[in-house]
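The values are calculated or read from the model by the stated rules, or taken from the named source; none is laboratory data. Source: prediction; values computed, not measured. Positions of Cβ are generated from backbone atoms using ideal geometry, with glycine treated the same way; all protein chains shown enter the neighbour counts. The area values use the complete protein model at the heavy-atom level, side chains included, leaving out ligands, DNA and RNA. Shrake-Rupley method; radii C 1.70, N 1.55, O 1.52, S 1.80 Å.
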Amino acid sequence: MDSGAKYYKDYLDGHDDALIDIVSEYKDGLILYLNSYVKNIHLAEDLVEDTFFRLITKRPRYSGKSSFKSWLYAIGRNVAIDYIRHNSKMLHTPVEEVKSDKLIETSLEKSYLKEERKLTIHRLMQSLNEDYRNVLWLIYFEGFSHKEVSLIMKKSDRQLKNLLYRAKQSLKSKMEEEGLNDEE
Amino acid sequence: MKSSEEMVKSLLNRRDIYFKERRKKRQVILSVGVITLIISIGIFSTMYKSPKEVIKLGNYAIYTDDIDLSKSDGMSDMLGFLVYHEHVYTASLKFSGSTLKEGKALLGYHIGKTKEILSEYADSQQELASLYDGEVYKIKGYDEEFRLGIYGTDEDGEWIQLLDNYDGIGLNTGADLITKRLHILGNIERVTYRTHDNWNYETEAIYHEFKDLDKFNTFLEVLSQSSFIKVDSLEDIYERDVQGHIYIRLEDGTTTELRLIEGGYVTIPGLGPIMIKMNDDIFAETLKLCQ
C-alpha cells in the first residue's frame, strides 16, 4: 500500500489528521496539473480543494488498481473537465489580475520544481496545447508511468504514444528557439 | 494561495456544513412528505391542477448564453471553435484513427478553409475564424445552422472535428435538441451507460449495454416533451449522489451523451447551466437502470 492509500484509509477510519498528510503531499503538484487545464492558478487551487472535498464527503472506494496518486489525479481531472464543460463560456480573467496570478504561479513552480532547468522547461510547456502540456507534465514532472498516464488522461496506449511523441517534438522546437539543448 | 493547514481547515469546515445541511434537507423532505400526504388525502377529490404557464421570451422559453470570443481571455484556447454566419460553433465529436471513415462519410458540401489559427482574443465576427487549421464542411443529415465539420491533418494523421452551435440558441422543450438538431429519435444504433461511480472515480471506463431500447425510446419521447430550465447553482446539482451517464450512438456514427441527475435533471454537454427537467416516472426508472 503506497503512502497516499494509507493516509486515505486512515482518514476513512475516522482520523481527520490524515487529511493534512494527503493535502500536504499532493496539493501543489495537483494545482500545477489542473492549472494546465484551466490556466488560472486561483481556479486550479479551488478545483484542487473541490477534489479533496469530493474525497472527504463522497468517500469513494479506492480499489488499489492504480497508485493512489494517479487515482487522485484522475479525480482531479474529472473535476476540472466538469468545470470547464459548464463554465467555459462564462469565464473571464480581468487583465489586472493576470500579472499577480503569474507571480503566485511562479512562486508555486519554484517551490515545487526547485531546479532552474525544470522551471524553464515548464514555462516553455505553457505555450503548448493542453494535451501536450498535460502529458509532459504527468510523465516528466510527476513521474507517472505511461500506463498510469493513459489511465489518467483516458487515452489508449497508442494514442498516448503518439501524443507523447508530438508533445516532445513541439517542446524540442520551443527549446531550440530558446537556445536550449534537449537532453533529458 | 492557501497553505496545506489552511486548506485542511477550510475542507473540514465545508465538510461539517455539508453534512449538517444534508441532515437538515433529509428532515425537511421527510416533514414535507408527511404533510403533503395528509393534505393530499384530504383534498384529493377537489384538487384541480392548472397547466403551468411557460414564460416565453420571443419564441423560446430559454436562450443559451451568447459566446463572445473577445471576452474569453485565457480560456478561448481551450474552446475549440469556428465562426460561421456570426455564430460561434464549439467542438463536440472528433473522428480519427479507427473512426475516421465514419467521420469522412459525414462530410457534405465544402464551405471553405478556416481563416487562421487563433488562441486568444479571437474576433467573433471573422467568418471561418477557427482554432483549427482545416477545411470546413457541412455535415450530412444535420442543419448547417447547428452542426459543421472541419477536416484536417497533423503529424498523427487525418482527423475530422465536428462543431455545434450553442451560441445564443432558443430552446423550449427537449425536442428542440433531441429531434430538431441531433435527430436522435429513430436513428439509434446502440445505447450504453456508465455508472456515476465509474465515471467519477475510476480510471478505466466500463460501459454497459442498455438492453431495453423500447423503454429507452419512451424515455426519449418524454425527454423531448420536457422543458428546458436554467439552474442557478450547478454545484448543488452536479454534487448529487445518484447520477448516470448515457451514451447514444446513432447509425451515422455520432454519439450524444446525456447525464441524468437525481431530481429529474438531464444535462447535455455544451449547454452549461441549461438543462432539461423531467417529472415523469420514466426518468426515475431510467436513472435506476444506470446504477
Scan of region A:33-88 for residues that are of a type in the set (Gly, Ala, Ser) and under 20 Å from residue B:233 (Cβ atoms), ordered by number: A:80, A:88
Elements of type helices (runs of 4 or more DSSP H) in region A:127-181, at least 1 residues being at the interface with chain B (Cβ under 9 Å from one of its Cβ atoms) and of a type in the set (Asp, Glu): A:130-136, A:146-152
The lone exception for residue B:76 - which of (1) buried (at least 16 other Cβ atoms within 10 Å of the Cβ); (2) touching a strand residue (DSSP E or B) at 6+ places or on another chain (Cβ under 7 Å); (3) modelled with pLDDT under 85 it fails: (2)
Condition met for residue B:206 (touching a strand residue (DSSP E or B) at 6+ places or on another chain (Cβ under 9 Å), at pLDDT below 90 and in a loop (DSSP other than H, G, I, E, B)): yes
Filtered residues of region B:237-271 (kept if small (Gly, Ala, Ser), open to solvent by less than 10 Å² (accessible area, probe 1.4 Å) and not in a strand (DSSP E or B)): B:253, B:264
Meets criteria (touching a helix residue (DSSP H, G or I) at 6+ places or on another chain (Cβ under 9 Å), more than 27 Å from residue B:165 (Cβ to Cβ) and open to solvent by 50 Å² or more (accessible area, probe 1.4 Å)) for residue B:282: no
Hits in region B:209-236 - residues which are among the small types (Gly, Ala, Ser) and not in a loop (DSSP other than H, G, I, E, B): B:224, B:227
Search result, residues across region B:91-115 that are modelled with pLDDT under 90 and open to solvent by 80 Å² or more (accessible area, probe 1.4 Å): B:94, B:98, B:115
Flag if residue B:56 is at pLDDT below 85, farther than 30 Å from residue B:154 by Cα, more than 14 Å from chain A (Cβ to nearest Cβ) and open to solvent by 90 Å² or more (accessible area, probe 1.4 Å): yes
Test result for residue B:183, under 30 Å from residue B:67 (Cβ atoms), within 13 Å of chain A (Cβ to nearest Cβ) and either crowded, with 16+ Cβ neighbours inside 10 Å or not acidic (Asp, Glu) (or both): no
Verdict on residue A:47 being more than 10 Å from chain B (Cβ to nearest Cβ), within 25 Å of residue B:19 (Cβ to Cβ), surrounded by 21 or more Cβ atoms within 10 Å (Cβ to Cβ) and over 10 Å from the mean Cα position of the chain (by Cα): yes
